[in-house]
Structures are given as structure tokens and as C-alpha cells.
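Working notes for the structure below.
The values are calculated or read from the model by the stated rules, or taken from the named source; none is laboratory data. Source: prediction; values computed, not measured. For neighbour counting, all protein chains shown are included, and Cβ atoms are generated from backbone atoms with ideal geometry for every residue, glycine included.
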Amino acid sequence: MSYFKKDKRNCKKGWKIPVEICYNMQEGSDRVAELKDVKGIGPKSLALLNKINIYTVEDLVTHYPFRYEILERNNLQEVEDGEKIVIDGRVESIPILMRFKAGLNKMNFRLVTPSGVVGVSIFNRAFLKSQLVVGTGVTVIGKLDKKKNVITAADIKLETLSNKVKIEPVYHATSGLTNKNISTYINMALLQFGREIPDYIPEEYMERYNFSNKKTSLNLIHNPSTQQKLKEVTIRLKYEELFAFMFKINYLKLENKKKKQGLERKIDKEKLQEFIKSLPFELTNDQQKAVNEIVEDLEASHRMNRLLQGDVGSGKTIVAFLAMLANHLSGFQSALMAPTEILATQHFHNLENFLQNNQNKENSNIKIALLTGSTSKKDKQKIYEELKNGTISMVVGTHALIQEEVEYHNLGLVITDEQHRFGVHQRANLQNKGKKPDVLYMSATPIPRTYALTIFGDMDVSTIKERPKGRQKIDTVVKKNSEIKDVLEMMYKELKQNHQVYVIAPLIEESENSDLATVCQLRDQMKLAFKDRYKIDIVHGKMASAAKDMIMQQFSENKIQILISTTVIEVGVDVPNATTMVIFDADRFGLSTLHQLRGRVGRGESKSQCILVSDSDASRLKIMEQVDDGFKISEEDFKLRGHGDLFGTKQSGDMAFKIANIRLDYKILLQAKKDSKEYLLNKETDNDPLKIKLIESITKG
């Protein structure tokens, strides 16, 4: 049934169409139902719903409960003193209402239950008095005071349970919008528009898994009759959400593979291998495998779209440099974009050394350039000219690489370091500078397989787990605030050896509601502890980029011995002389973030240490003492914190699942991935309206 009829007059002829539906019909209109069309939702309710990110009818009916209250009748004799009780019965006495100061009232009445009479007290529910007529059947939820034979009620429902089990949904709400309001609006929306809510599961899979239709599933998820039914429709709705998501991922991956717009090139593999053999160290198996995968992609007819991920210190950068060399050997330019000037400068110098130290003079003469916001106008002009005429083969830089004035002669490879720190448009702008260049993303944030499958599902992934030989383990220890003297002594021991120290604080400014350490407080405390023996400075996210880069540069030159910082140094310059990392209020950080921070030390030959200062969450932090594998730590973080903020910066878009959880629902995810791929590749379904709709939603997005 469509609720948009061409002839509004039909409503006046006695058709059996709900009045709410007639209300929304517009003559000659095919408009989509809006949230305001739901009966009972006025301007005030609309604004409140918008506050919790509900903007459409579909948003409303897919605002799933985050938990359920299972109401099963107790017996007065079975419940212990002070325990929660759910009991139904009939009101025996007229409720007595007592008013105290403004906004506080209490109501008392007696309740006759199957297991005896009990007193009921409830605060701030004066509006219920007129409904609690003697003889009314109610269900009371609260705590039992066995000595006084009184239940202090948290809620009273105007119905009896009898021997039934009632399952009540609990929603995320906001001030002014109650759980009951949300439930009412959802059920009204389902009554009016339930048949119009799109279903993203193809008919063949509906039949294969014996799924109920979308409207029935939505009705049951919001009004479950039994726990078994709730389980069934929950699986069905999770599958649907993951099917639609994996269809998108599979489609994007397929389209990328289908594009015959990759550059035609032939790489001189012998010269590449000669270069690799001349390196002063041997590549790990993982590094060599990643290089082979990248070279294979570069020579393929489709564009490379690959993620290179690895643990801190696993040697991703050398693989990226070898990719640039392979690209050069096929006659094309490369561009490497880093999120900060100091990191771009570090990459440039490392690339310079990488090429100069090679025994093959031909490679040491490759023209490379550094292009950042700080590059002088004169130098920029020269770089622009040489990029355009092809003199420069490799360029490293920041956002300066994507400025309008920059033109490339034949850009063949684009690499973005710490790719999640760039916006989608920034990455796209760099790619669009060339004629379909191959793309390589780098990330030092190890991601569990489950997470990588979803976030980077439309990419190929190369993973480096092995560490290069000689890389030392960083000793990690958890200390309490009462042990601060030990922490300072550990720092002093390293400072006396002319080593440097990072100190991390989670906040920048003081908050009335928090006693967490701030960078400014810590600076004062460190100055008090170390006097004028060592230069101490601070760096944080609110500082201008130029100021941050200047301080980081001074730290790298050992002009600053103690650097107090927020997590901005998570990705930064290598300082081999920094051997100690102290993280205050460590319990406030995710394990993956702690591991990234820890990776800032241990870059040189000296033994390094990481000290986690915290008075709480000790068991979680102990993982850091025992495990130094970033992938294992990431998996632990994933278990503890779900699929949320593993990067320290919230991922937007597709990861905002409404009902699925990619860790808990991994089996469903794998099935949805398999089915969506099968459906996508099935030519017989090409004219299926659902398939067309799914593809349109991707291409339009």
C-alpha cells in the first residue's frame, strides 16, 4: 500500500484508509513522508528528536533500543531485603500525596498482590494519582524494604503482568524527551508508514534464512513478545544493516578492479632488487611481501588502492620508499603527503639518505623535493616548474602538494601517511592531480582484522607485523600517583645520561569537574622538581601548527629536554635520544593510543621505558606491561571498547552502525559479505529494483 495517493478526494468517499495516512496525502505529489507527518510530533518534539540525530521517519523507526528491561513477576517472600522487585497487583487504598519543597513530592498507597499486601512509595509522580483508582491493576518496579514491608518504586505501569514476562525497550533519550515519548512516536510511525520503510535484503536471502518482513521485524524489535522472537528479529536487522554495508564495500572494490584506467607501466624489477640488496639491512618477510604486493599492483591494469598498515617501528616507511623507487623505475612521478611539516621534513631527509646511501649512482641522482607551507616563495616557484616539466621525480610534502598552483608532469603514485588524519576530499584532491595515479595509504595504527575488513573493506591491505632485527622492547610499568617520587627518579636517571623525556597529559585547561593533570600544571610541577637543570616546554593541539613544529624541532635538536604534551606527539618526528615516556591519567586513554604514544620512544640504540601513571583501571593497564604487539593490543582495545574510537579520532559515515556490532556480530558480517558479493555478481539480478537502488545510493553518495 502506498500512502501517497494521487487523488486526495478518495479520503472523503469512505475508503478504509487510516486518517493519519489521508492527512499526509498531497494531490499530485510523490513526496517522501517527513518526521513532522508522524501524528503527535510537533515542533518541540521535532527539535528534541533532532538533538538525538533523528531527522527522518526511517531514522525514527531504526532508533533501536540500547537495552531491554525484562519484567518478570516476583514473589514478596522470595525477594531479599534491599533487592529489586517486580510485582503486580491491585491498588487497595486511595493514594496519599505529600508535597515537600518545590519540585519534590511523594505518594503512598497499599497494593494487594498474589503473595500479600505491601506498601508502595514513589517520588515525583503526582500526575499518576488520578489514574491510581482503587481496584486498578498495576505493575510496580522498585526496591523492597522487607522490615517496613514497603516498596520504594522507581516506576509504576498501569497494567498487570499476571504470569507473563514483559520485555520493555529502553532508548537513548534527551532532556524533555522520555522513553515513553520515543516509544509512542516509533509505534505511531510504524502504524502510519511501516510498509514504506525500505528493506535492503533481497527476496532470495529472505527466503533462505526465513526472515520476517521489515515491518514485522521493526514492530517486534520495539515491542518484543518473547525473548526468542526478539533474538530472531535482532539477527535479521543486524544482517540487513551489514548486508547493505558490505554490498557497498564489495561494489566499490569491484568498480576499482574493473577500471582499466590504471597506468600502463613496466617496472625494471632487476634494478629494484639490486637496490634492495644494497640496503644496509635485510627486509623482513612482511616487508618483502608488502613490496611484492605493491609492485604487482603498480603493473596491473587497474589502479592500486592499497593500505599499508603496521605496528610502531615495523618499517613501513622503507616499503613506501621502495614503492616510490619502483614507480620511478617505470617512468612516473611520486608524491608522499604527511599530516605535519615536521613529519614531511623527516620523510624527505630519510628519503634523501635512502637514495644517497645506495651503491647505484643512477638512483642517488634522482631529483627529489620538499614542499610545505614554510617553503619560500622562490623555492616554491622552482618546485612548481620542475614538477610540471618532470625534472622532479619524487616530492614529499603537506597539504601544499594539493594547492591549485601545483601541476604534475606524470604523477603515477600517491602515498598518504597516517591516512586517517586527512579528510576524504584532501586525499581525493591529491589523487586528482594525476591521470589516475595508483594510491597507497599508510597507517601506524594496527587494526584488528574485523575492523580492517569494514573500515578498509574497499582496499587491499598489506600488513607488516614482523619487527626489524635489533628493535628493542620498551619496558612499560604502571605507577600510582602516590609513587610520583619513583617516577621522577626514573626520569632523572635518564636525563643525567643526556637523554630526553616525553610527558603526556590528557587535558589542556583546568576543568571544575576534573582533577586530571593538565599540560600547564605538569609544566609547573616538573619545573619545581627539576629546577633550572633542564629546559622544559609544552606543546598541545590548540597551538598554531608553526609553533608546534618549532617546539618539536627544538626537541629533536635536544634544545628541550622535557617535552610536556597532549597526544599531538602521537604522530611526530623521530627523536632517537628520547628514551622515556611518562603518561599521566593513563586510564583515560585507549590501549591503542597508549601503544602509539609509547612508540615515540625506543627509536634509538638506548634502552627505553614507558611509565603509565594512574590510580584506577590497573588491570586494563597491566596489559601494556605484558604485551608490546600493537595488533594484540588493538584486539584487546577492540574487545574492551567495541568498534569505537580506536584511532583517537572518531571515524564518520559507514561505521555508525545502528544495531550491528562488528566484533560481536562477526559471523553475521562474514555471511553478509559473502551474500552481498554473490548478489552483486549475479547478472540475473541486474534489473532488480533493490540492486539498482543500492548502487544508486553508492554512486550518489
From the set of residues in the range 466-507 that are in contact with an Asp or Glu (Cβ under 7 Å, 6 or more places away or on another chain) and loosely packed, with under 14 Cβ neighbours inside 10 Å, which is nearest to GLN288 (Cα to Cα)?
LYS473
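Listed here are the residues, each with its yes/no results for (1) surrounded by 14 or more Cβ atoms within 10 Å (Cβ to Cβ); (2) under 20 Å from ILE695 (Cα atoms).
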| position | (1), (2) |
| --- | --- |
| GLU207 | no, no |
| ASN219 | yes, no |
| ASN223 | yes, no |
| TYR239 | yes, yes |
| PHE245 | yes, yes |
| LYS277 | no, no |
| ARG303 | yes, no |
Restricting attention to the range 563-573, the residues that are modelled with pLDDT under 80 and over 25 Å from the mean Cα position of the chain (by Cα) number exactly 1
Of all residues in the range 273-313 being under 23 Å from VAL575 (Cβ atoms) and touching a Lys or Arg at 6+ places or on another chain (Cβ under 6 Å), which is modelled with the highest pLDDT?
GLY310
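Is one or more of the residues making up the range 301-319 without any contact (Cβ under 8 Å) to a residue 24 or more places away in the chain and touching a helix residue (DSSP H, G or I) at 6+ places or on another chain (Cβ under 9 Å)?
As a first pass, look at the range 301-319 and keep what is without any contact (Cβ under 8 Å) to a residue 24 or more places away in the chain: none.
The answer is no, given that none of the residues of the range 301-319 is without any contact (Cβ under 8 Å) to a residue 24 or more places away in the chain and touching a helix residue (DSSP H, G or I) at 6+ places or on another chain (Cβ under 9 Å).
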What are the residue pairs meeting all of these: first residue in the range 149-161, first residue in a loop (DSSP other than H, G, I, E, B), second residue surrounded by fewer than 18 Cβ atoms within 10 Å (Cβ to Cβ) and among the hydrophobic types (A, V, I, L, M, F, W, C), Cβ atoms under 7 Å, and 6 or more apart or on different chains?
none
Name the single residue that is surrounded by the fewest Cβ atoms within 10 Å (Cβ to Cβ) among those in the range 123-148 being small (Gly, Ala, Ser) and touching a residue at least 40 places away in the same chain (Cβ under 8 Å).
GLY135
Within the range 162-172, which residues are in a loop (DSSP other than H, G, I, E, B) and surrounded by fewer than 18 Cβ atoms within 10 Å (Cβ to Cβ)?
SER162, ASN163, LYS164, HIS172
Assess whether ILE249 counts as being assigned to a loop (DSSP other than H, G, I, E, B) and not assigned by TED's automatic domain parsing to the domain that holds ASP460.
no
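Hey, could you check the range 513-562 for residues that are among the small types (Gly, Ala, Ser) and modelled with pLDDT of 85 or more and say which is farthest from HIS499 (Cα to Cα)? Even if it seems obvious, please write down each step before you answer.
Our first condition is that a residue be among the small types (Gly, Ala, Ser); within the range 513-562, this holds for 514, 517, 529, 541, 544-547, 556.
If we keep only those that are modelled with pLDDT of 85 or more as well, we get 529, 556.
Working: ALA529: 17, SER556: 11 Å.
Here the residue is ALA529.
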Quick one: how many residues across the range 612-637 are under 30 Å from ASN498 (Cβ atoms), in contact with a Lys or Arg (Cβ under 6 Å, 6 or more places away or on another chain) and at pLDDT 85 or above?
1
Taking the range 331-353 and keeping only residues that are of a type in the set (S, T, N, Q) and either touching a strand residue (DSSP E or B) at 6+ places or on another chain (Cβ under 7 Å) or surrounded by 24 or more Cβ atoms within 10 Å (Cβ to Cβ) (or both), one is left with GLN333, SER334, THR345
Show the residue pairs that are 6+ apart or on different chains and have beta-carbon atoms under 6 Å apart, the first residue being within the range 456-475 and closer than 23 Å to LEU594 by Cα and hydroxyl-bearing (Ser, Thr, Tyr), the second being surrounded by 19 or more Cβ atoms within 10 Å (Cβ to Cβ) and at pLDDT 85 or above.
THR463/GLN309
Quick one: what pairs do we get from the range 51-78, first residue at pLDDT below 90, second in a helix (DSSP H, G or I), C-beta under 8 Å, 6+ apart or different chains?
ASN53/ASP59; ILE70/GLN227
Filter result (within 23 Å of PHE66 (Cα to Cα), among the β-branched types (Val, Ile, Thr) and modelled with pLDDT of 85 or more) within the range 146-173:
ILE156, ILE167, VAL170
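Show me the strands (runs of 3 or more DSSP E) found entirely inside the range 38-122 where at least 2 residues are surrounded by 13 or more Cβ atoms within 10 Å (Cβ to Cβ) and not charged (D, E, K, R). Before the answer, list the steps.
Values: elements: 67-72, 84-91, 96-99, 105-113.
Answer list for the range 38-122: 67-72, 84-91, 105-113.
Considering each of LEU597, LEU664, LEU640, LEU646 in turn, give the residue that is modelled with pLDDT under 90, not in a loop (DSSP other than H, G, I, E, B) and not assigned by TED's automatic domain parsing to the domain that holds VAL487.
Working: LEU597 fails: not assigned by TED's automatic domain parsing to the domain that holds VAL487; LEU664 fails: not in a loop (DSSP other than H, G, I, E, B); LEU646 fails: not in a loop (DSSP other than H, G, I, E, B).
Residue meeting the stated conditions: LEU640.
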Close pairs from the range 559-578: first more than 20 Å from LYS607 (Cβ to Cβ) and assigned to a strand (DSSP E or B), partner at pLDDT below 95 and basic (Lys, Arg), Cβ under 9 Å, at least 6 apart
ILE564/ARG523
